[in-house]
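Novice: Before anything else, here's the structure in question.
The values are calculated or read from the model by the stated rules, or taken from the named source; none is laboratory data. None of these values were measured; they are calculated from a predicted model. We place every Cβ from the backbone using ideal geometry, glycine too, and count neighbours over all the protein chains shown.
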Amino acid sequence: MNVQAQVEIKVSQRYAEGAKQRQEGLCCPVDYDASLLELLPQEIIDRDYGCGDPSRYVKAGDTVLDLGSGGGKICYMAAQLVGEKGKIIGIDMTDEMLALARKHQAPMAEKIGGDRVQFLKGYIQDLALDVEAMDAFLIANPIQSNASLQQFEQWKSRQRSERPLVASDSIDLVVSNCVLNLVAAADRKQMLDEIFRVLKPGGRVAISDIVSDESVPQHLQENEELWTGCISGAFQEKQFAQAFLDAGFVLVNYDKWDQQPWQVVEGIEFRSVTLMAVKPSPDVCMDIGQAVIYKGPYSEVRDDEGHVYPRGERIAVCERTVKFLTEGPQKDEFIGVNPAVPRPAENFCAPAGTLRPASETKGGDHSSSSGGDSCC
């Protein structure tokens, strides 16, 4: 049995026990929105194991994917926020956790006012593979020879391409609560690639997880109790953000960072954080005469696409970049400047730091999310 399979079995076994009886060692204190918990059954609250509250990033109308949804706590909280036009999908690989979540689906749909939550069996590093369909195939077609093994591999390939568990470009927000660290290190690139695949262009991630201030040594990684307890599988804090950048995400940032570590093991601090990121749009950069002004307080900042924004300067940018900077996580730091009359759109690839003369935007709108009402 390979290392990845061993990790999956040990994690599933421990969380299967956690579905039956609460295990305090699997979670750290989190200040959830009490108003969203009022409708939830107590056994779902008691059997929840997390380190953050990614539900607070949910918007009305979102299609939300919860990776490692467990007993369904975050899913049922998010379902109250997305409204009638929203949808929640929970993915988990542990049968006992899925049974707990599904047990309350009908009464929760009645309380919330709509059946907008579904729970699917799958691996978060392979979001195209329908594991319940795979289980059914293997019961009907047990692997007894190399030929039957090849048949199984062909079935998986067809299933992923023809009937993926989660379709590409279908999700507005991917959330997860202390689960990514449980995935074997060898599967993590695939996991992030899958998150990128299922998100719509402009889709967001809000991942609450445990990070370490130093790299975790091999002997701690081999400790099953520490790994399944969300400790020794933790990403190193810089590497966590870099992994999302390497997968193609932009606007990667830490929105939450616990002041105190959750645990300290052999001098290594393990703490809860929440990482946010955005899947960029594939749209071609088009120039219609817009600019952005970085408000400060630093002399300049640089984004992940190579743009440089000196404080107070009107920097020429394309439509896509204006949208990112004035609507994304950095929206309070930038002013969007639109021309009174947009110029005919043209492909735009100006060198970083190109200025937009004030004469080109006179009479146009200056937008800032934190500007407040004018005093004039």
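Novice: What are the residues in region 265-286 that are part of a strand (DSSP E or B) and under 21 Å from the mean Cα position of the chain (by Cα), if any?
Specialist: Phe270, Arg271, Ser272, Val273, Thr274, Leu275, Met276, Ala277, Val278
Novice: Let me ask another. Inside region 325-350, can you point out the residues that are in contact with a strand residue (DSSP E or B) (Cβ under 7 Å, 6 or more places away or on another chain), among the acidic types (Asp, Glu) and surrounded by 13 or more Cβ atoms within 10 Å (Cβ to Cβ)?
Specialist: If the condition is that a residue be in contact with a strand residue (DSSP E or B) (Cβ under 7 Å, 6 or more places away or on another chain), among the acidic types (Asp, Glu) and surrounded by 13 or more Cβ atoms within 10 Å (Cβ to Cβ), then Glu333 is the only one that fits.
Novice: Continuing with the same structure: Report the residue count in region 283-313 for those that are closer than 16 Å to Asn347 by Cβ and free of Cβ contacts under 8 Å to residues at least 24 places away in the same chain.
Specialist: 0
Novice: Please count how many residues of region 144-166 are surrounded by 13 or more Cβ atoms within 10 Å (Cβ to Cβ) and hydrophobic (A, V, I, L, M, F, W, C).
Specialist: Final tally of qualifying residues: 4.
Novice: Turning to a different aspect of this structure: Could you list, in sequence order, all residues of region 50-73 that are over 18 Å from Asp258 (Cβ atoms) and either of a type in the set (A, V, I, L, M, F, W, C) or over 20 Å from the mean Cα position of the chain (by Cα) (or both)?
Specialist: Scanning region 50-73 gives Val58, Ala60, Val64, Leu65, Leu67.
Novice: Against the condition of a type outside the set (Phe, Trp, Tyr) and part of a loop (DSSP other than H, G, I, E, B), how does Leu65 come out, does it pass?
Specialist: No, not satisfied.
Novice: All but one of (1) within 21 Å of Lys200 (Cα to Cα); (2) assigned to a loop (DSSP other than H, G, I, E, B); (3) touching a helix residue (DSSP H, G or I) at 6+ places or on another chain (Cβ under 6 Å) hold for Gly289; which doesn't?
Specialist: (1)
Novice: Could you tell me whether Lys279 is crowded, with 21+ Cβ neighbours inside 10 Å and of a type in the set (D, E, K, R)?
Specialist: yes
Novice: So which of Asp169, Asp213 ends up being surrounded by fewer than 18 Cβ atoms within 10 Å (Cβ to Cβ), within 30 Å of Thr326 (Cβ to Cβ) and acidic (Asp, Glu)?
Specialist: Only one candidate passes the filter, namely Asp169.
Novice: While we're looking at this one, here's another question. Tell me yes or no: at least one residue of region 259-276 is surrounded by 15 or more Cβ atoms within 10 Å (Cβ to Cβ), under 24 Å from Ser368 (Cβ atoms), touching a residue at least 24 places away in the same chain (Cβ under 8 Å) and in contact with a Lys or Arg (Cβ under 7 Å, 6 or more places away or on another chain).
Specialist: Yes, the conditions are met somewhere in region 259-276.
Novice: Same structure again: For Glu300, indicate whether it is farther than 14 Å from Met286 by Cα and exposed (fewer than 15 other Cβ atoms within 10 Å of the Cβ).
Specialist: When the stated conditions are applied, Glu300 passes them.
Novice: Answer yes or no: is there a residue in region 202-215 that is assigned by TED's automatic domain parsing to the domain that holds Tyr123, closer than 18 Å to Ala128 by Cα, in contact (Cβ under 8 Å) with a residue 24 or more places away in the chain and among the polar types (S, T, N, Q).
Specialist: no
Novice: Is it fair to say Val252 is under 27 Å from Glu333 (Cβ atoms), assigned to a strand (DSSP E or B), out of contact with any Cys (no Cβ under 9 Å at 6 or more places or on another chain) and at pLDDT 95 or above?
Specialist: No.
Novice: I would also like to ask the following. Condition first: buried (at least 24 other Cβ atoms within 10 Å of the Cβ) and over 16 Å from Lys200 (Cα atoms). Now tell me which residues in region 51-66 satisfy that.
Specialist: Scanning region 51-66 gives Cys51, Gly52, Pro54, Ser55.
Novice: Would region 224-233 turn up any residue that is buried (at least 20 other Cβ atoms within 10 Å of the Cβ) and part of a strand (DSSP E or B)?
Specialist: No, every residue in region 224-233 fails to be buried (at least 20 other Cβ atoms within 10 Å of the Cβ) and part of a strand (DSSP E or B).
Novice: Is region 33-49 home to any residue that is modelled with pLDDT under 95 and either assigned to a strand (DSSP E or B) or within 18 Å of the chain's Cα centre (by Cα) (or both)?
Specialist: Scanning region 33-49, I find at least one residue that is modelled with pLDDT under 95 and either assigned to a strand (DSSP E or B) or within 18 Å of the chain's Cα centre (by Cα) (or both), so the answer is yes.
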